[in-house]
1. I'd like the full set of residues that are outside any helix (DSSP H, G or I) and surrounded by 15 or more Cβ atoms within 10 Å (Cβ to Cβ), limited to the range B:1-34.
2. Regarding the range A:6-25, can at least one residue be identified that is crowded, with 24+ Cβ neighbours inside 10 Å and of a type in the set (Phe, Trp, Tyr)?
3. Going by what's in this entry, would residue B:228 be described as open to solvent by 10 Å² or more (accessible area, probe 1.4 Å) and not assigned by TED's automatic domain parsing to the domain that holds residue B:52?
4. Among the residues of the range A:31-50, is any of a type in the set (S, T, N, Q) and assigned to a loop (DSSP other than H, G, I, E, B)?
5. Has the range B:275-286 got at least one residue that is of a type in the set (Phe, Trp, Tyr), in contact with a Gly (Cβ under 6 Å, 6 or more places away or on another chain) and free of Cβ contacts under 8 Å to residues at least 40 places away in the same chain?
6. Which condition breaks for residue B:97 when tested against (1) closer than 30 Å to residue B:228 by Cβ; (2) buried (at least 18 other Cβ atoms within 10 Å of the Cβ); (3) within 14 Å of chain A (Cβ to nearest Cβ)?
7. Just to verify a result, which residue in the range B:196-215, among those that are touching a Ser or Thr at 6+ places or on another chain (Cβ under 6 Å) and outside any helix (DSSP H, G or I), is surrounded by the most Cβ atoms within 10 Å (Cβ to Cβ)?
Amino acid sequence: MDSLFTAAVAGLSAGGAYAILGVCAIFTYRLVAVVNFTGAAIGAAGTFAMVALFELGMPLLPAVLFGVAAGALAGLAIGLVMTTWFTGSNASTKAAVTAALLVGIIAVGLRLTGGQHPHYFPEIIPGSAFRLAGVEVTWAAVTTLVLSVAFTLLTEQFLARTRTGLQLRALSQRPMAAELIGIRVRLLALGVWAVTGGVTAFALMIIAPLRSPDFASLSLLVVPALAAALIGAFSSFRAALIGGVMIGLIEGGVSAIGPVSQYRGAVPFLVILAVLLWSQRGARWDEAR
Amino acid sequence: MKHASFRAAATTALLLAVLGALIFFLLPKYWVFLVTAVFIVGIALQSLGLVTGRTGMISLCQMSFAGVGAWVTGYLNLIGAPGGLAVWMLIGGLAAVPVGIAIGLPALRLRGINLAIVTLGFAAAFDTVLATITFPGQTTFTQVVRPEAFDSDKGYFLFVLLTYGVIAVVLEFVSRSRLGAAWLAVRHSERAAAANGISIPRAKLSAFAISAFISGISGGLLAGYLGTLVSENFSMMQSLALFAVATMAGAHFALGAIAGGMMIVLFPELLRRLNLPQDVGNVFFALGAVQALSTGETIAETWMRLARKLRPTRAVEAATAAGSLPDKTSHPAGIALEVRDLTVRYGTVTALDKVNLKVPAGTVVGLVGPNGAGKSTLVDAIAGFLYRYDGSILLNGSPLEAISATSRSKLGIRRTWQTTRIAPELRVGEYIRLAAGPISESELESLLAWFGCPGPETLISTVDVGTRRLLDVAGAVASRAPVILLDEPAAGVSYDEALKLGERIAAIPETFGSAVLLIEHDMDLVRRACSAITVFDFGRVIAAGAPAAVLDMPVVQKAYMGVEFEEAAE
């Protein structure tokens, strides 16, 4: 039981990162109406930019800042594709575009980073913060958790209280109408892409040392991210936050149970399956069908 | 229709035979070996085309299904099960079916994006599982035994080609059947499909099950092709690349599947010969898919469009009556459709307020009223597309509450939509059969001729909107339902055509036996077609009775035309 608890706590930092990724996925879906399969790949691009700069001898802090900027740029690039050619497309087409782009990004990423070639991932936030019932809780875990909570609350407040937030909500509900009343729709949409790109990059930097650190594995963290977003029904940031942390904890717990520890990668899938089966109870005819 | 699918199937079979003979006799052994992979990937692509291209659900785990098939094939090989590869791969395909259904289940009543998420999740999970359990015989290097008659590389090519041919021909038949039409209808509009009595869950699940089966077979073939397998053959990246290529090439067309297979297999070969890294291929596929999605046209569709341009253009042929229409269907006399105290609220807005309406059997009843009066809400409620309403709706005296849209349609309430929702990839005959169910060739022809529609082999995408509106009505009528709800059938139709349409609608009860509830803004059409009309305004019935009398009532003129009482009286 104790080992289970230890392992679950070990899943905390991953959980925090999933939560951030999940909140970003909802952010993108709610504001620019795209279910984004490239979310984690964008973050991975930023993370590897940081690693490359660090390996070239740049101190950690500027490397991290440049990495976050690179993530924002990568997000911007995807945003440019989406806003240039797919503004009027339906949700399904947009999702298909990001799924197709994911293949290309992973291919480019693997090539640039040397495939499975090992890189040194500096621990951005090293060390142990405190002991909880005899279990070490790392600073990385504390940071991702605090960051995910802060990001969730900030996003909520920003959308609810600021003028830009109001414009963003208008953009998400009726892009055409928003454009007609003079909101700079494209600029805002690109802003959303850049912000999610930067935030995702930072989240991945923190947990990259805990993962098999190749470009493809980091890109595929989009699966737990979307699972967390589904828990929030692609609308509730808080539910996604809790969902992401839960997925991390369950993964951690599963990896402590001997016979099934190998299968912890299947946890997000089972969560997705359960959430979808549960959420379609009340499905009804809407315009989208 | 039947002979059309035979012709298409025969063409496919013949083309494959010629292609196969050319490859078999002309190409050197190395290239035959490579081309074998083209057809194996082609089968996987066809399976993906079925779900994604035809039914419009994004599947990102197609290679995982193939992996299930390959794993089972490898296992049967290891234990030396009887029957050989042909039987093993069939069992492998069948083993993938329950997996496919289990993954399809959560996406049944939700939109396609959810399926994309759940399939990506499955692909990731399958990767972990496969990496752990490994393929049967992987560690002992046990080769999967090929069928004795097809043991050489050239022989195995024939075996793969034969399998590809059987699958392609069967798919040709299925895609032209009512099930195939149902898939396209579901992709285009689930609501319209349900209104034609199609069970959406059944259509989606069948697509997923058949797709998983075919994909499983491709996995079995791959096992025989490579001998030993590793989990990387079926990784998530492979599934994603397959998705990108299917999207780019148009894998739901036989042509697109082969073109896609060639790209996946031969492009890396080309890159290898040019001393370029082979993973550049995936970048190319991603860009190609994005390009195809932005233009809305796949490579296969582009080629077919260009080929059509080369052929002399044929004018759209009108249907010619092969014989007289069968006698009208007899439905129970009395009130066919009755609406009692129907109330519908959207939040605080009351869209319909205690509405009462009767449509006697064998009549055309008009329903008019200004925009926003609640006419289409009434149709939605009757046809079963509203989640909740108060009051009751009765078909031939029996209440319809708690009955789904699909079941109501099957019971005999058919509707059309304000804008046409016919899938443009269908042919005229396929759409009518989709709407009507089993219907004889001569009845189909005479029905189309009666409405002045084009012939059954005409592609919907080639006919104008006015004609599609006619087909909407023709489809509903062909089902011989006791009650037909027509929602502004003349919208977008020219004045002359609208008058003709009015005559046709007026004749529906005596010719086909159905009662009609007609919503229309064209008053000439309404006068011509209806024996009684009901007028709505702000969700209430404000007048009902004989057309001439009702339309002259001041309250109706005020509501409908905005004419003030005094002006009208003058």
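The values are calculated or read from the model by the stated rules, or taken from the named source; none is laboratory data. None of these values were measured; they are calculated from a predicted model. Backbone-built Cβ (ideal geometry, glycine too); neighbour counts: all protein chains shown. Side chains are part of the model used for accessible areas, which takes the heavy atoms of the whole protein and leaves out ligands, DNA and RNA. Shrake-Rupley method; radii C 1.70, N 1.55, O 1.52, S 1.80 Å.
1. Residues satisfying the conditions are B:1, B:27.
2. The answer is yes, given that some residue of the range A:6-25 is crowded, with 24+ Cβ neighbours inside 10 Å and of a type in the set (Phe, Trp, Tyr).
3. no
4. yes
5. no
6. The one condition residue B:97 does not meet is (3).
7. B:197
Per-residue answers, yes or no, for (1) modelled with pLDDT under 90; (2) of a type in the set (D, E, K, R):
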residue	(1), (2)
B:279	yes, yes
B:285	no, no
B:288	no, no
B:292	no, no
B:318	yes, no
B:334	yes, no
B:338	no, yes
